[in-house]
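Asks: Pasting a structure below so you can have a look.
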Number of protein chains: 2
Amino acid sequence: MNFAIRLATKADFKDIWRLLKDLASHLKMLDQMTQTYEEVQRHGFSQNPCFESFVAVVPDEHKSKEGFTIVGCALYFDIYDVWKGQAVCLDQFYVMPEFRGFGIGKALLSNVAKVAKEKGCSLLQLNVLDWNTPSLDFFAARGAQDITVKEGWHVINFDGQSLERLANETRQN
Amino acid sequence: MNFAIRLATKADFKDIWRLLKDLASHLKMLDQMTQTYEEVQRHGFSQNPCFESFVAVVPDEHKSKEGFTIVGCALYFDIYDVWKGQAVCLDQFYVMPEFRGFGIGKALLSNVAKVAKEKGCSLLQLNVLDWNTPSLDFFAARGAQDITVKEGWHVINFDGQSLERLANETRQN
């Protein structure tokens with residue numbers, strides 16, 4: 001199937017939001033998506049955006065049964081690693097199920113990797129759920145290392161009340 | 001023991017580097033620290049720094065046996081989470097062994113949490129090695145959630161050759 005990968009603009013956000021909701025729903029974590037449409041749009045498409053995104057676009061004749069031509073997206077931002085230097089985090093990565101198997105995911109991922117190399121990064125990092133075997137296999141087949149399995153890294157979150165409590169413990173220096 | 005927590009300046013970098021090397025050595029991962037002193041210094045203390053840091057300073061009369069007064073540090077930077085919004089990542093966090101048990105780690109962590117709240121973040125995230133029970137316990141005691149255990153999140157890295165290969169797969173659109 002013919003498709004194009006391009007950087008997203010604000011005009012694409014309606015489609016990106018639809019894909020992000022689909023992804024969260026697929027991961028059974030829609031309840032964790034606490035930000036609103038307006039918030040994510042502002043974070044992504046203001047003067048100092050918190051993330052950038054690629055979208056995958058199919059020609060009109062291949063549009064989805066609901067009429068969509070934007071069928072995949074990859075959202076990423078800069079991070080840092082004291083040991084390895086500047087890096088890119090791939091935060092969201094999704095292709096609509098009916099458009100899988102055509103190399104769209106691979107093309108989205110390659111474009112993010114190319115951006116990372118162009119920025120001088122030596123690391124592209126992402127998080128994947130352990131039951132999401134198709135995704136784990138997809139990344140492993142392309143040479144990714146699961147450093148949770150290999151080295152034992154766990155992801156630790158402070159949020160809500162635990163973050164509030166920590167912040168309030170600050171001593172008055 | 002009396003101590004102060006303050007934002008680091010370039011003049012502190014020599015001490016920060018010593019602490020980062022100590023931490024990597026403690027984690028038995030000194031070989032993964034591929035960046036040079038000059039690179040990390042430039043990334044942290046240039047016009048658009050990749051990270052900020054707090055240092056913990058003890059008075060001269062409590063200096064370490066080698067004569068150091070900067071005895072701990074916490075390095076952090078902004079990240080993003082489409083589900084939860086703007087967030088802070090705590091990348092490096094260390095207190096010299098002989099200065100543990102005085103609340104210095106807690107004070108460093110609280111200061112980073114306070115910065116996160118002031119930035120309007122609802123999430124402070126970090127990675128910890130699964131064998132590092134003292135650290136895991138330290139964070140758990142303060143209400144952190146291990147989302148690798150709780151939800152199954154794994155950390156996936158593309159670096160070196162795998163990143164290079166991915167980037168070169170980009171189609172010419």
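Asks: Hey, among the residues in segment A:17-58 that are among the β-branched types (Val, Ile, Thr) and in a loop (DSSP other than H, G, I, E, B), which one's nearest to A:Asn132 (Cα to Cα)?
Replies: It comes out as A:Thr34.
Asks: Looking at (1) exposed (fewer than 15 other Cβ atoms within 10 Å of the Cβ); (2) outside any loop (DSSP other than H, G, I, E, B), find the lone condition where B:Gly72 falls short.
Replies: Result: B:Gly72 fails condition (1) only.
Asks: Shifting gears a bit: Can you run down the residue pairs with Cβ atoms below 7 Å, 6 or more apart or on separate chains, where the first is in segment B:134-157 and of a type in the set (A, V, I, L, M, F, W, C) and the partner is in a helix (DSSP H, G or I) and at pLDDT 95 or above?
Replies: If the second residue must be in a helix (DSSP H, G or I) and at pLDDT 95 or above, the pairs left are B:Phe138/B:Gly105; B:Ala144/A:Ser162; B:Trp153/B:Ile147; B:Val155/A:Ile147; B:Val155/A:Thr148; B:Ile156/A:Phe139.
Asks: Which residues, counting only those in segment B:17-28, are in contact (Cβ under 8 Å) with a residue 24 or more places away in the chain and open to solvent by less than 30 Å² (accessible area, probe 1.4 Å)?
Replies: B:Leu19, B:Leu20, B:Leu23, B:Leu27
Asks: Additional query: Please find, among B:Asp78, B:Asp31, the residue that is within 11 Å of chain A (Cβ to nearest Cβ), of a type outside the set (S, T, N, Q) and either surrounded by 15 or more Cβ atoms within 10 Å (Cβ to Cβ) or in contact with an Asp or Glu (Cβ under 6 Å, 6 or more places away or on another chain) (or both).
Replies: After applying the criteria, what remains is B:Asp78.
Asks: Out of the residues in segment A:5-16 that are open to solvent by 40 Å² or more (accessible area, probe 1.4 Å) and not in a loop (DSSP other than H, G, I, E, B), state the one that is farthest from B:Trp83 (Cα to Cα).
Replies: It comes out as A:Arg6.
Asks: If you take the residues of segment A:82-99 that are out of contact with any helix residue (DSSP H, G or I) (no Cβ under 9 Å at 6 or more places or on another chain) and of a type in the set (D, E, K, R), which of them is farthest from B:Ala74 (Cα to Cα)?
Replies: So the residue we want is A:Glu98.
The values are calculated or read from the model by the stated rules, or taken from the named source; none is laboratory data. Predicted model only: the values in this text are computed from it and were never measured. Every residue, glycine as well, gets a Cβ built from its backbone with ideal geometry; the counts of neighbours run over all protein chains shown. Ligands, DNA and RNA are stripped out before the accessible areas are found, and what is left, the full protein with its side chains, is counted by its heavy atoms. Shrake-Rupley method; radii C 1.70, N 1.55, O 1.52, S 1.80 Å.
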